[in-house]
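These notes are about the structure you will find just below.
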Amino acid sequence: MKRIAILTSGGDAPGMNAAIRSSTRTALYYGLSVVGIYRGYQGLMEGDMFEMTSRSVGDIMQRAGTILRSARSPEFITDEGQKKSIWQLEARGIEGLVVIGGDGTLKGANALAGLGVPTVGIPATVDNDIGCTDYALGFDTATNTAVDAITKIRDTASSHGRNNVIEVMGRDTGHLALAAGLAGGAEYILIPEKPFKVCDLCDGIQKGYARGKTHSIIVVAEGVGGYSTPDKLPHESVGFMIGEEVRQQTGLETRVTVLGYIQRGGTPTVKDRLLGTMLGSKAVEALIQGDTSKIIGVVGEEFCIFDIEEVVTTEKPIDEEQYRIATLLSKM
């Protein structure tokens, strides 16, 4: 293998730039040439690429987002889109591909691997919903951002005696909401994996006030059941919908904060910088060794390699013990 390419796709995540930097410089160290692909799979199909050098990735580790940019690409899902992609790779003599992104991105990598493209993926999503691996790039930074927001909102909630609903990312899974809510001391955590009734939530809030509490923090994943529906308008925030029901049922002043894309930005934490650096280097070494159609992940303190097919077909469950403790603490 003499020439590889790197792309990022889907939602950006802090730590992607660390992975890009590490992948590029590791490949150059081993004598490979490196091509950067702009705008993910869309850029791949269109041939939007450039030669990367060591200087191309200088001074980027501390930046969130991705210097290679990203884009959604419905066309890539089609057979024609994938044929275009392979033609672009062959035309430029690209023999291997490092793909950095979340669930949809890695499914795209699996499709290319199935068509014979040597591919290694790096999990990167603030949702942390990639199967097999304990952590995906961006999760630690996003969780810290959410906890910081919860802490600041709690200060004003305590001062004014209010309920505060804080909506975080998590369209299909509640990993971010659970970790941030537990670390931020939230009284209630609502996630897609666990059904709930607003009347039960309100009953718990009122019992808390009866015990002497003066405020409540409710962390809500954006995709909680019954609220994230196909006919929901884009401006209809789940957090606001739940907040309004809480206000009506309890009669208590309730404010809502939607953290939105603030969770994807900001300086990556040390953990995400280290994780991106290690995953990027190991992905390139796997390509060189011919260990392809794989995903590089981490389990405990160990870096592991998984078949890409296994990763994209495995659902990642929430941490049931964390949820049990969060539920237990909400009763007090």
* Residue that is surrounded by the most Cβ atoms within 10 Å (Cβ to Cβ), among those in the stretch 250-273 that are over 28 Å from Asp134 (Cα atoms) and hydrophobic (A, V, I, L, M, F, W, C) -> Val256
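Which of the helices (runs of 4 or more DSSP H) contained wholly in the stretch 232-332 include at least 1 residues that are farther than 30 Å from Met1 by Cα and within 18 Å of the chain's Cα centre (by Cα)? Steps first, answer last, please.
Working: elements: 238-250, 270-288, 308-312, 320-330.
Of the helices (runs of 4 or more DSSP H) lying wholly inside the stretch 232-332, those with at least 1 residues that are farther than 30 Å from Met1 by Cα and within 18 Å of the chain's Cα centre (by Cα) span 270-288.
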* Close pairs from the stretch 191-207: first farther than 19 Å from Gly170 by Cβ, partner of a type outside the set (Lys, Arg) and surrounded by 13 or more Cβ atoms within 10 Å (Cβ to Cβ), Cβ under 6 Å, at least 6 apart -> Cys202/Val246; Cys202/Gln249; Cys202/Thr250; Ile205/Ser216; Ile205/Thr250; Gln206/Thr250
* Structure fact -> Here the residues within the stretch 186-226 that are in a helix (DSSP H, G or I) and in contact with a helix residue (DSSP H, G or I) (Cβ under 8 Å, 6 or more places away or on another chain) are Val198, Cys199, Leu201, Cys202, Gly204, Ile205, Gln206
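Here's the yes/no breakdown for (1) of a type outside the set (A, V, I, L, M, F, W, C); (2) buried (at least 23 other Cβ atoms within 10 Å of the Cβ); (3) more than 16 Å from Val120 (Cα to Cα):
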position	(1), (2), (3)
Gly15	yes, yes, yes
Leu28	no, no, yes
Val34	no, yes, no
Ser54	yes, no, yes
* Residues satisfying the stated conditions in the stretch 274-332, i.e. loosely packed, with under 12 Cβ neighbours inside 10 Å and charged (D, E, K, R) -> Glu301, Glu302, Glu315, Glu320, Glu321, Arg324, Lys331
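Being under 14 Å from Ile4 (Cα atoms) and in contact with a Ser or Thr (Cβ under 9 Å, 6 or more places away or on another chain) is the requirement here; does Ile20 meet it?
On the way: under 14 Å from Ile4 (Cα atoms): yes; in contact with a Ser or Thr (Cβ under 9 Å, 6 or more places away or on another chain): yes.
When the stated conditions are applied, Ile20 passes them.
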* Limited to the stretch 1-41, what total is found for residues that are assigned to a strand (DSSP E or B) and within 17 Å of the chain's Cα centre (by Cα)? -> 2
* Out of all the residues in the stretch 59-73, is one or more at pLDDT below 95, in the same structural domain as Thr277 (by TED's automatic domain parsing), surrounded by fewer than 18 Cβ atoms within 10 Å (Cβ to Cβ) and of a type in the set (A, V, I, L, M)? -> yes
* Restricting attention to the stretch 136-163, report how many residues are at pLDDT below 95 and under 30 Å from Ile305 (Cα atoms). => 0
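The values are calculated or read from the model by the stated rules, or taken from the named source; none is laboratory data. Computed from a predicted model, the values in this text were never measured in an experiment. Counting neighbours? That spans all protein chains shown, and the Cβs are built from the backbone with ideal geometry, glycine included.
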